[in-house]
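The values are calculated or read from the model by the stated rules, or taken from the named source; none is laboratory data. Treat the numbers as computed from the prediction; the structure is a model and nothing was measured. Neighbour counts are summed over all protein chains in view; Cβ atoms, including those assigned to glycine, are modelled from backbone coordinates with ideal geometry. Quick note on the areas: whole protein, heavy atoms, side chains included, nothing else; ligands and nucleic acids left out. Shrake-Rupley method; radii C 1.70, N 1.55, O 1.52, S 1.80 Å.
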Amino acid sequence: MESRLNYFGHPLAGKVLKHINSAGKVVSDSTLPTAVQELVKIRASQINGCGFCTDMHTKDATQAGETPQRLNLVAAWREAKVFTEAERAALELTEQGTRIADAAGGVTDEAWANAAKHFDEEQLVALISLIAVINAYNRINVINQQPAGDYQPGQFG
């Protein structure tokens with residue numbers, strides 16, 4: 001499989017990615033726990049069918065110490081006992097925030113209230129922002145058919 005174009009090598013894309021990367025850096029530097037950040041990126045990427053991001057974020061999570069058992073269960077988190085209540089709340093918000101078009105009312109008040117029980121306001125802002133950022137990356141990569149499998153942890157800085 002080859003990408004439709006060299007998106008990452010294009011000057012205009014570089015300008016766009018500079019801003020998306022800056023937003024991502026703000027989130028990664030926030031108080032939202034790193035494990036939650038990686039789980040959110042993986043789950044949104046799975047939902048969107050983004051192999052490139054799924055590959056990247058499972059490898060980054062492994063590098064950060066995430067266990068294979070938890071990574072293998074992200075897609076089935078509702079039935080898995082290995083996630084904390086806070087992680088489960090973040091995964092639910094991620095699913096609803098990623099599948100906005102599939103839900104008549106968008107994100108439910110119940111999902112929001114559950115997330116708000118586990119995260120403070122700064123963390124909620126970071127969580128919303130992270131869901132938006134990873135969905136933007138997923139869309140770029142899926143539209144461009146960016147191949148997956150070659151990512152090396154730390155490859156992008």
- Where does the chain land at 222 nm, in deg cm²/dmol rounded to the nearest 500, when only DSSP H runs of n ≥ 4 count, each adding -39500 (n - 2.57), divided by all residues? -20500 deg cm²/dmol
- Kirkwood-based shape ratio for the chain, expressed as Rg/Rh from alpha carbons: 0.95
- Task: Between the alpha-carbon centers of the stretch 85-147 and the stretch 23-46, tell me the distance in whole angstrom.
- Result: 10
- Note on the structure: Rounded to whole Å², per residue accessible area for the chain with a 1.4 Å probe reads 56
- Packing-based order for 26-32, 129-135, 77-83, using average beta carbon neighbours within 10 Å, highest first: 129-135, 26-32, 77-83
- Task: Would you mind getting the Kirkwood hydrodynamic radius of the stretch 96-157 from its Cα pairs, rounded to one decimal in Å?
- Result: 14.0
- So what does log10 I(q)/I(0) come out to for the stretch 56-137 at q = 0.10, 0.14, 0.27 Å⁻¹, using the Debye formula with one equal point on every Cα and no solvent? -0.26, -0.51, -1.41
